[in-house]
1. Tell me which residues, restricted to the stretch 173-183, are more than 25 Å from GLU102 (Cβ to Cβ) and either within 16 Å of ligand 2 (Cβ to nearest atom) or open to solvent by 50 Å² or more (accessible area, probe 1.4 Å) (or both).
2. When you go through (1) without any contact (Cβ under 8 Å) to a residue 12 or more places away in the chain; (2) within 24 Å of VAL218 (Cβ to Cβ); (3) of a type in the set (S, T, N, Q) one by one for ASN76, which number turns out not to apply?
3. For the stretch 39-57, enumerate the residues that are in a helix (DSSP H, G or I) and touching a Gly at 6+ places or on another chain (Cβ under 9 Å).
4. I'm told ALA111 meets every condition in (1) open to solvent by less than 10 Å² (accessible area, probe 1.4 Å); (2) under 17 Å from PRO37 (Cβ atoms) except one. Can you identify the failing condition by its number?
5. Six or more apart or on different chains, Cβ atoms under 8 Å: show the pairs whose first residue is in the stretch 108-130 and within 24 Å of GLY263 (Cα to Cα) and assigned to a strand (DSSP E or B) and whose second is open to solvent by 60 Å² or more (accessible area, probe 1.4 Å) and more than 16 Å from ligand 2 (Cβ to nearest atom).
6. Does the stretch 244-255 include one or more residues that are open to solvent by less than 70 Å² (accessible area, probe 1.4 Å), small (Gly, Ala, Ser) and either more than 16 Å from ligand 2 (Cβ to nearest atom) or on the phi > 0 side of the Ramachandran plot (or both)?
7. Please verify whether ASP161 is farther than 20 Å from SER96 by Cα and part of a loop (DSSP other than H, G, I, E, B), treating the condition exactly as stated.
Amino acid sequence: MSLRRSIYKSPAQLRAMVEPGLITAAALDAVRDLIAPGVTTAELDAAASAVITGRGAKSNFQMVRGYRHTICASVNEQVVHGIPGDRALQPGDILSIDAGAEYKGWNGDSAFTVVLPDPARPGIVAEREQLSRVTEGSLWAGIAALARARHIGEVGAAIEDHIEAHAPDGGYGILREYVGHGIGRKMHESPSVFNYRVSDPGPEVRPGLVLAIEPMVVIGDQATFVEDDGWTVSTLDGTAGSHWEHSVAVHDDGIWVLTAPDGGAAGLAPFGVTPREIA
Ligand code: MG
Ligand code: MG
């Protein structure tokens, strides 16, 4: 079997990816419900873990070598891969949560961002909410593009275009060193899914393709470094970051967002795309 062929799943394999997607979504919902000032990121991690194990699944993040947690919790200038711990959330924090579940050998992977209210700093909160809104919008623009694309490269172009069209003056930075990916038996599979335009059109989009699309966007420059903990990816210039992600299947009748309980209907509606359930 060629490498090119191996990225496409059978209809039965796509059906097997529905449940891990829904478990991932439920874990993230449990985290979202807990987020408040004073709550620690370790408490958020425990909530996600309880949902995933309670539904007979495993945290796929814990299968990443050297990583012991169920979620990544990235606060303020941390963009991705923040480690949960005793850090307590503060008013005005921008927080990105990333998690995934493996169920019966198949994986889900999803992330969202929230901004905690802070009446004392309305300007900072508004700036961060705009960043999160534009990043989420770019995710849906990328998913909508996938519904119509001939090649995967069109996804990254749509993400970049959405960010450029909606960023404030001066623009946002799109991380270059971290990208989306195929997902299936493993959380991270081929191909890479760029969040920006590249010259290579990439593999063909056709039924069986499952992608984790995940724009990572920052208020300032895209340059990042890995903190001394060996994991946390933070901006060099200290500006805030946002990360949104969904796992999305292309099948015979259309696309379905595996990590959204509505299949992505709400997020895709502004783009004129209707998701179709996997038969
Ligand atoms: Mg993820
Ligand atoms: Mg991912």
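The values are calculated or read from the model by the stated rules, or taken from the named source; none is laboratory data. Values in this document were obtained by computation on a predicted structure and should not be read as measured data. Reconstructed Cβ throughout: ideal geometry from the backbone, glycine too, with neighbour counts over all protein chains shown. These area figures cover heavy atoms from the full protein model, side chains too; ligands, DNA and RNA do not enter into them. Shrake-Rupley method; radii C 1.70, N 1.55, O 1.52, S 1.80 Å.
1. Once the filter is applied, which keeps residues that are more than 25 Å from GLU102 (Cβ to Cβ) and either within 16 Å of ligand 2 (Cβ to nearest atom) or open to solvent by 50 Å² or more (accessible area, probe 1.4 Å) (or both), the stretch 173-183 yields ILE174, LEU175, ARG176, GLU177.
2. Of everything listed in (1) without any contact (Cβ under 8 Å) to a residue 12 or more places away in the chain; (2) within 24 Å of VAL218 (Cβ to Cβ); (3) of a type in the set (S, T, N, Q), ASN76 misses just condition (1).
3. THR41, ALA42, ASP45, ILE52
4. Against the list (1) open to solvent by less than 10 Å² (accessible area, probe 1.4 Å); (2) under 17 Å from PRO37 (Cβ atoms), ALA111 comes up short only on (2).
5. Within 8 Å, the pairs are PHE112/ARG32; VAL114/ARG32.
6. At the first step, the residues of the stretch 244-255 found to be open to solvent by less than 70 Å² (accessible area, probe 1.4 Å) are 244-251, 254-255.
Next cut, small (Gly, Ala, Ser) only: 247, 249, 254.
Restricting the remaining residues to those that are either more than 16 Å from ligand 2 (Cβ to nearest atom) or on the phi > 0 side of the Ramachandran plot (or both) gives 254.
Scanning the stretch 244-255 turns up at least one residue that is open to solvent by less than 70 Å² (accessible area, probe 1.4 Å), small (Gly, Ala, Ser) and either more than 16 Å from ligand 2 (Cβ to nearest atom) or on the phi > 0 side of the Ramachandran plot (or both).
7. No, not satisfied.
Every residue, every condition in (1) small (Gly, Ala, Ser); (2) at pLDDT below 95; (3) under 18 Å from ARG32 (Cβ atoms); (4) more than 15 Å from ligand 1 (Cβ to nearest atom), yes or no:
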position	(1), (2), (3), (4)
GLY56	yes, no, no, yes
SER59	yes, no, yes, no
VAL79	no, no, no, no
ASP86	no, no, no, yes
ASP93	no, no, yes, yes
LYS104	no, no, no, yes
